[in-house]
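See structure below.
The values are calculated or read from the model by the stated rules, or taken from the named source; none is laboratory data. These numbers come from a predicted model, not from an experiment. No Cβ is skipped: glycine too gets one built from the backbone with ideal geometry, and neighbour counts run over all protein chains shown. The accessibility values were calculated without ligands, DNA or RNA, using every heavy atom of the protein model including side chains. Shrake-Rupley method; radii C 1.70, N 1.55, O 1.52, S 1.80 Å.
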Amino acid sequence: MDSGKPAIGEIPDIFMFVIGPAATAILFLNRYNTPTKLIRVLFFSIFSFLIEYILGKLGFLKLKGWKPVYSIPFYLLLFGIVLPWTLKLIRK
């Protein structure tokens with residue numbers, strides 16, 4: 001993975017690698033304990049996939065030997081298991 005054109009600048013890089021993923025995880029965890037957990041997991045997985053796909057098409061993100069479709073199982077794992085487990089750990 002490469003962050004695209006160097007001429008784009010450092011501010012989009014900071015958002016793409018630091019602020020964006022953290023903000024998405026916080027938004028997900030703030031509403032996780034509602035009755036619609038599965039819908040939220042699917043929504044945030046699709047949302048993350050679309051962001052990755054759009055960033056690739058705009059040139060902000062260059063995937064080397066990786067296709068955005070490969071990320072879908074990882075997003076499902078992240079939002080379905082890893083982040084809820086982390087939330088339980090933090091609450092203890």
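So LYS57 clears everything in (1) open to solvent by less than 30 Å² (accessible area, probe 1.4 Å); (2) without any contact (Cβ under 8 Å) to a residue 12 or more places away in the chain except one condition, right? Which one? Failed condition: (1). Of the set (1) under 21 Å from ARG91 (Cβ atoms); (2) buried (at least 17 other Cβ atoms within 10 Å of the Cβ); (3) at pLDDT 90 or above; (4) not small (Gly, Ala, Ser), all apply to THR24 but (3). Restricting to the stretch 27-54, and then to whatever is of a type in the set (Lys, Arg) and assigned to a helix (DSSP H, G or I), can you tell me which residue is most open to solvent (accessible area, probe 1.4 Å)? Among those that are of a type in the set (Lys, Arg) and assigned to a helix (DSSP H, G or I), it is LYS37.
Among the residues of the stretch 62-73, is there at least one that is at pLDDT 90 or above, in a helix (DSSP H, G or I) and open to solvent by 100 Å² or more (accessible area, probe 1.4 Å)? The answer is yes; a qualifying residue exists.
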